[in-house]
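Below is one structure; the comments refer to it alone.
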Amino acid sequence: MATPARKTTGKRSGASSHVSFLKYADYRWLKIAVGLSALAILTYALIDVEPRPSGSSWYGYTLGTIGAGLIVWLALLGLRKRTIRPGQWTLKSWVSAHVWLGLSLIVIATLHCAFQFGWNVHTLAYVLMMAVILSGVYGICAYTILPRQLSANRGEMTQAEMLDNLRSIDRQLHDAAQPLNSDLAQIIGASLDDDPFAGNVFARLRNSYPNCPTQLAFAEVSAAARDRSAPGAEDIARAVQILSRKVSALSHIRRHLQIKAQLDVWLYVHVPLTFALVAALFAHVISVFFYW
Amino acid sequence: MTSTYKVAIVGSGPAGLSAAARAAQLGVAHVLLEKTDHLSDTIFRYQKGKHVMATPSQLVLRSDLDFDAGKREKILDTWNAQAASQNVHVRYRSEVTAITGEKGKFELKLSDGDVVHAETVILAIGTQGNPNLMRCPGGDQPHVEYQLDDPTAILDEHITVVGAGDAGIENALGLAADPEQRNVVTIVNRSPDFSRAKDANVKALTAAAEEGRITILTETSTNRIEADHIVLDTRDGELRIPCNRVIARMGSAPPRGFVESCGIEFSSKDREAFPILSPVFESTAPGIFVIGALAGYPLIKHCMNQGYDVVEFINGNLSLKPADEPILEAKFNKLPGNRSVDDWLELLRTGIEILRDLTPLQMREFTLDSDVRFVRAGEVIFEGGAPGSSLFNVATGSVHVRINPNDPTIVVPIGAGQMFGEVGLISGRKRGATVVAAEDSILMEIPRTAALKLIATVPAVKRAVTRISIERQLLQLFKAGLSPGDIAEVVESAETISVRAGESIISEGDENYDIYVIRVGSMVVERTIGGKPVFLSYLPAGSYVGEMALIEGGRRTATVRAAVKAEVIKLNGDAFRSLLDRNPALLERLKLDMATRKDVNAHIETMKSTFSDVADMYSSVASFLVENGIGEATDVLLIDEKLCVGCDNCEKACADSHDGLSRLNREAGKSYAQLHVPTSCRHCEHPHCMADCPPNAIHRGLDGEVFIDDTCIGCGNCQRACPYGVIRMDKVPPKKPPLLNWLLFGTGPGPGEPSAKWSKKYGDPEAPKKAIKCDMCSGLEGGPSCVRACPTGAAIRISPEQFLSVSQMQKGE
């Protein structure tokens, strides 16, 4: 291999520094966001706009332009996240700025409208924005609290391994059900036929699966196993043992899916509302200029 | 048969076939003896549809037969057709059992009793095709097989696989992979464990056994084989099980006995040694020529070229230049002095100390692998701290090593004939010092694999490299203006010791005072506090340990054990003490180093008394990381699970930065204290993957990354060699439509790795699989995409020196 004079081409960038997105660069974006909000509040208090503060004063337009610019830029995170190009950028710094500047919108937009609300497209845009921010606040909390729970529950298993494990228990359960009487076999059959993840998003979020056939089968077959003198007691005991493993494997993976759902669910609010917000924002801006 | 052929060619693989074709073209009376009933058995036995690669790509093919990368079937068809049209004289089912006679009148005895007479013999029998056979009664039945072409073609059978090496395990897994095939598979292993097989294979096998798909019988051997049963001797007695097919994978041996019986000498007693050959491939038995894999050239192109060349030589064309001549010419024509290739080779061989014992053939080979360079006075050859693992030799001129990074005037000269760069070669660590050309010089740079091969094949090279490297390493380590003369006594006393992972070189409380220099691998320093080992520090290759007991006297204060398999240089304590007595500056330096270490120890001990849990955490996290291969890593991806939201953006970014294939699996891998080591390359000091790469396609790059270049032939050796399972074999998927098309119109698979289904639908079904692994996003501005694309800061990349601070932060939160 031809190797002319060597020198290293890259340095370990700041991206590697081990801090969370909230603390990125020593809370740089928090400081900027607080500064921006403080400046807005201070100027709002000091500048005497005639006849009264409103979105249609020069001051209101200034804050409005900043706010609209921020909203559009914040929405572009979705594009940034998916555009993996070389360069000195890190998604962490983007997310950090997204979070803190997004929160500063509460101040900027409220001062922009100068507390004037009504049943119109302008307030609709405001409400949508607040909804987006609220869902985002949930996201921040979820991202702060849930990962360690996810990790603790997951152990060293991947999701695919959990599913594999469940399938292999199902195979054993299928074999174990063969020697049982038809009632018990049917009960176990119901557990085998059941899609353990069926149910709506709320069931998944609450991790509540009433009437789970596996739970039922476990209860019924355990009850049958109490009679140790019954014919085939050994086979029944074996089925109970496998069922108890399935119950625990199911609760493991369901807990995993619950946390995953809790981590993801807010995005299904945050992102569509952002699209609605951007549309409402355009309507708001156009109508303002139309009726000027 | 009474007529005497001019050449008898034994073996119809690429080498033998090409030789026969040349003989046919030249009108030389020849016979090609093939053991089986078809040509080129090794390639014939490749599994169906296998894509055969044509490497090295820069080598020109010189043969009367065509060969290009392609499917096994196409290649065999071409050769069969061309062998027929060129009137190659083949004698099938002719296994040669003995070669007697001498040049001009050889007699080749065949297994059917016939004798072939020939003036010269070309041995092209390769090293395959010689499996160890079943020797028990019934082992000669047709249902006892030594290979498995297509496991999916076997249905509804009871199969016993004998031998639990990788080949056996892979066959057994293949046969039991699909329950629809309804095969009953038993694998028989003579020993109690599976020490010969790769970890991943053993895991897959035990998993399959737990699921009831395969039966494993350990400490078991075959007693006899019956028509539809096999009788096994198990630990608990005889066991007779149904068996329709036996697949014996008990390894194969090079047919050394046969080759030696022909009067051919090997270069050494080593199992992997090759016959001694002249530049025209003639062995030590005059008139017998050896080419192909048996001569040490396993690649098809090499073999075919040698077949052509050897017949030309035998036919008297001694002025024929080898096919690699143009490549060597190109290598040399950048150099001043307009010499011929042979002159240059001779100049390098005689000029460079370690190459003196090489044969002209070996010389050509090493020169092909190496780079010969002309450097002007003052030119920097490499910088200290740069990665690099090649070995440099000064052919003419001289260079200066700048041993003090702050003062370029302090240099150690290295003159003509000597080598440098060996520390990087041996330790796999970065270059220790900057080297500049002192005058106009000609240098030969031998890349790592070629250099290791050189060290392994020429004992004199090994001795020289070891002695020089110990001396240099000491000079570099202790600096302080030492000269080689000062340390001669210490070098004399030095002893190289290999240490198994986990074994300790120094034990707390011992009363000795030798000094150890870590040459390969890394060590951890521990101290027993309150009955528990507490982690003190990590020592990478290139550092030394043990000075405290020497300087201060007293017992050893800590235990030093190998984090991974390591090699240390043990320096005699007394010899070292007299060196210190003579060099107060060195003593000062050592005391300075020692003070830093003592600070760390004291810090940890205070921490221990106040926060016992914290110190426990610190050492257990550290040892977890060491156990997971971070001890031999140079750069590793870690995921802080307190921050990871499982979005897999790292994997998507990885795929989008590299041809659409992700080189990491975030979820897989071990975790400890919410620090996760995902399945992703650690860029080991001594990459296991590099060990056996036929086209030598794996290198260490400028930023220390281990990467696979485009010459990969997709053989999968590296994947099997990697103990961390980070290499995957896959086809490069087709290009995706742009992101906006997906965002706005939903075309294409979106960001990240496309689904296998999508790739199959739009991809090229003929595309060969290649080995894919992390290259640390080398050459991409901004560094590794996985880290840049992590939204929460969970993904970090660290080198082992940094991991302690990471684990410290872990506990701080």
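The values are calculated or read from the model by the stated rules, or taken from the named source; none is laboratory data. None of these values were measured; they are calculated from a predicted model. Virtual Cβ from ideal backbone geometry, glycine too; neighbours counted across all protein chains shown. Ligands, DNA and RNA are excluded from the accessible area calculation, which covers all protein heavy atoms including side chains. Shrake-Rupley method; radii C 1.70, N 1.55, O 1.52, S 1.80 Å.
If you consider only alpha-carbon coordinates, what radius of gyration and Dmax does chain B have, in Å?
For chain B, the Cα-based Rg and Dmax read 30.0, 95 Å.
To the nearest 20 Debye, how big is the dipole of the protein assembly as shown about its Cα centre, given +1 on the beta carbon of each Lys and Arg and -1 on that of each Asp and Glu?
Its charge dipole is roughly 2600 debye.
Taking the Cα centre of chain A as the origin and placing charges on Cβ (Lys, Arg +1; Asp, Glu -1), which of A:M130, A:A177, A:G60 is farthest toward the positive end of the dipole?
A:G60
Multiply the residue gap between A:S182 and A:A38 by 0.36 nm, knock off their C-alpha separation, and tell me the result in nm, one decimal place.
44.5 nm
Which value at 222 nm does chain A reach when only helices count, each DSSP H run of 4 or more adding -39,500 (n - 2.57), with the total divided by all residues and rounded to the nearest 500 deg cm²/dmol?
Helix contribution divided over all residues of chain A: -24500 deg cm²/dmol.
In segment A:138-169, what residues drop by 40 Å² or more in accessible surface going from the chain by itself to the full protein assembly, probe 1.4 Å?
Going by heavy-atom accessible area, the residues of segment A:138-169 that drop by at least 40 Å² are A:Y143, A:P147, A:R148, A:S151, A:R154, A:E156, A:T158.
Which one of A:I71, A:I41, A:I133 has the biggest mean-square fluctuation once chain A is modelled by GNM with Cα springs under 10 Å?
In the Gaussian network model the winner is A:I41.
Mind grabbing the interface size between A and B? I mean buried accessible area, both sides, 1.4 Å probe, in Å² to the nearest hundred.
4500 Å²
Apply the Kirkwood formula to chain A: the hydrodynamic radius equals the inverse of the mean of 1/r over all pairs of different alpha-carbon atoms; give it in Å with one decimal.
Evaluated over chain A, this radius sits at 24.1 Å.
Whenever you get a sec, compute what percent of the accessible area on segment B:325-479 sits on carbon and sulfur atoms (1.4 Å probe).
52 percent
If you build a Gaussian network model of chain A, linking Cα atoms that sit under 10 Å apart, which residue out of A:G136, A:G78, A:G155 swings the most?
Highest fluctuation among the options: A:G155.
Output wanted: per-residue J couplings in Hz (rounded whole) for segment B:13-23, from phi through Karplus 6.51 cos²θ - 1.76 cosθ + 1.60, θ = phi - 60°, x for Gly and Pro.
Taking θ as phi minus 60°, the curve returns x, x, 6, x, 5, 5, 5, 5, 5, 5, 4 Hz for segment B:13-23.
Please find the FRET efficiency linking A:N207 to A:C141, where r is the Cβ-Cβ separation and R0 is fixed at 22 Å, and quote it to the nearest 0.05.
So, using R0 = 22 Å, E works out to roughly 0.75.
Would you compute, for the Cα atoms of segment B:489-609, the largest minus smallest coordinate along each principal axis and list the three values in descending order, in whole Å?
Each principal axis gives a Cα extent; for segment B:489-609 these are 42, 30, 23 Å.
Provide A:R52, B:R472 ordered by accessible surface of protein heavy atoms (probe 1.4 Å), highest first.
Sorted by accessible area, descending: A:R52, B:R472.
Only four residue types carry charge here, +1 at the Cβ of Lys and Arg and -1 at the Cβ of Asp and Glu. Report the dipole size of segment B:144-248 about the Cα centre in Debye, rounded to the nearest 20.
Dipole of segment B:144-248, to the nearest 20 debye: 260 debye.
From the helices alone, meaning DSSP H stretches of at least four residues, give me the mean residue ellipticity at 222 nm for chain B, per-run term -39500 (n - 2.57), in deg cm²/dmol to the nearest 500.
Helix-only estimate at 222 nm: -9500 deg cm²/dmol.
How about segment A:87-123: which of its residues lose at least 30 Å² of accessible area in the presence of all protein chains relative to their chain isolated, using a 1.4 Å probe?
Buried on complex formation: A:G87, A:Q88, A:W89, A:L91, A:K92.
Run the accessible area of segment B:144-248 with a 1.4 Å probe and give the carbon-and-sulfur part as a rounded percent.
The value for segment B:144-248 is 47 percent carbon and sulfur by accessible area.
Can you sort B:E422, B:E210, B:E781 by solvent-accessible area, 1.4 Å probe, largest first?
The ranking, largest first, comes out as B:E210, B:E781, B:E422.
Explain nothing, just the number: relative contact order of segment B:629-775, from Cα pairs under 8 Å at least 6 residues apart, as a whole percent.
27 percent
Which order do the peptides B:19-30, A:57-68, B:482-493 come out in when sorted by mean C-beta neighbours inside 10 angstrom, highest first?
Per-residue Cβ counts within 10 Å, averaged per peptide and sorted highest first, yield B:19-30, A:57-68, B:482-493.
Given the protein chains as shown and a 1.4 Å probe, how many square angstrom of B:D407 are accessible, to the nearest 10?
50 Å²
Per residue of B:773-786, what is the mean number of Cβ atoms on other protein chains within 10 angstrom of that residue's Cβ?
The mean count of partner-chain Cβ atoms within 10 Å per residue comes to 4.
Quick check for you: with a 1.4 Å probe and neighbouring chains kept, what is the accessible area per residue of chain B, in Å²?
The answer is 43 Å² per residue.
Which of the residue pairs B:K652/B:K770; A:K81/A:K246; B:K301/B:K565; B:K652/B:K731; A:K92/B:K736; B:K71/B:K757 have a Cα-Cα distance greater than 28 Å in the structure shown?
Checking Cα-Cα distances, A:K81/A:K246; B:K301/B:K565 exceed 28 Å.
Among A:F275, A:F202, A:F218, determine the one that fluctuates most according to a GNM of chain A built with springs between C-alpha atoms less than 10 Å apart.
A:F202
Taking only the alpha-carbon positions of segment A:213-292 and ignoring solvent, what does the Debye formula give for the base-10 log of I(q)/I(0) at q = 0.12, 0.18, 0.19, 0.27 Å⁻¹?
Scattering profile of segment A:213-292, log10 relative to I(0): -0.59, -0.82, -0.85, -1.12.
For chain B, calculate the relative contact order in percent as a whole number, restricting contacts to Cα pairs under 8 Å that are 6 or more residues apart.
It comes to 9 percent, rounded to a whole number.
Rule-of-thumb check for segment B:144-248: C-alpha Rg over 2.2 N^0.38 Å?
0.97
What's the Cα-based Rg to Rh of the protein assembly as shown, Rh via Kirkwood?
1.02
Would you work out the charge dipole size for chain B about its Cα centre, treating the Cβ of every Lys and Arg as +1 and the Cβ of every Asp and Glu as -1, and quote it to the nearest 20 debye?
Taking the Cα centre of chain B as origin, the dipole is about 580 debye.
Once you have all Cα-Cα distances for segment B:484-547, histogram them in 10 Å bins from zero and send the whole-percent values.
Distribution as computed: 17, 48, 27, 7, 1 percent.
Helix B:360-369 versus the longest principal axis of chain B: what is the Cα-based angle in degrees, 0 to 90, to the nearest 10?
60 degrees
Residues of B:636-643, mean number of Cβ from any other protein chain within 10 Å of their own Cβ, rounded to a whole number?
Mean shielding by partner chains, rounded to a whole number: 4.
Could you work out, residue by residue across A:75-83, how many beta carbons of other chains sit within 10 Å of that residue's beta carbon, and then give the average as an integer?
Shielding by partners across A:75-83 averages 4.
With point charges of +1 on the Cβ of Lys and Arg and -1 on the Cβ of Asp and Glu, referenced to the Cα centre of chain B, which listed residue (B:F67, B:A488, B:H683) lies farthest in the positive direction of the dipole?
About the Cα centre, the residue reaching furthest to the positive side is B:H683.
Would you work out which of B:V726, B:T218, B:I169 lies farthest towards the positive end of the dipole of chain B? Charges go on Cβ: Lys and Arg +1, Asp and Glu -1.
Value: B:V726.
Sort B:156-165, B:69-78 by the packing proxy (mean of other Cβ within 10 Å over each peptide's residues), most packed first.
In decreasing order of mean packing, B:156-165, B:69-78 become B:156-165, B:69-78.
Write down Rg/Rh for segment A:159-264, rounded to two decimals, with Rg from the C-alpha atoms and Rh from the Kirkwood relation over Cα pairs.
Answer for segment A:159-264: 1.02.
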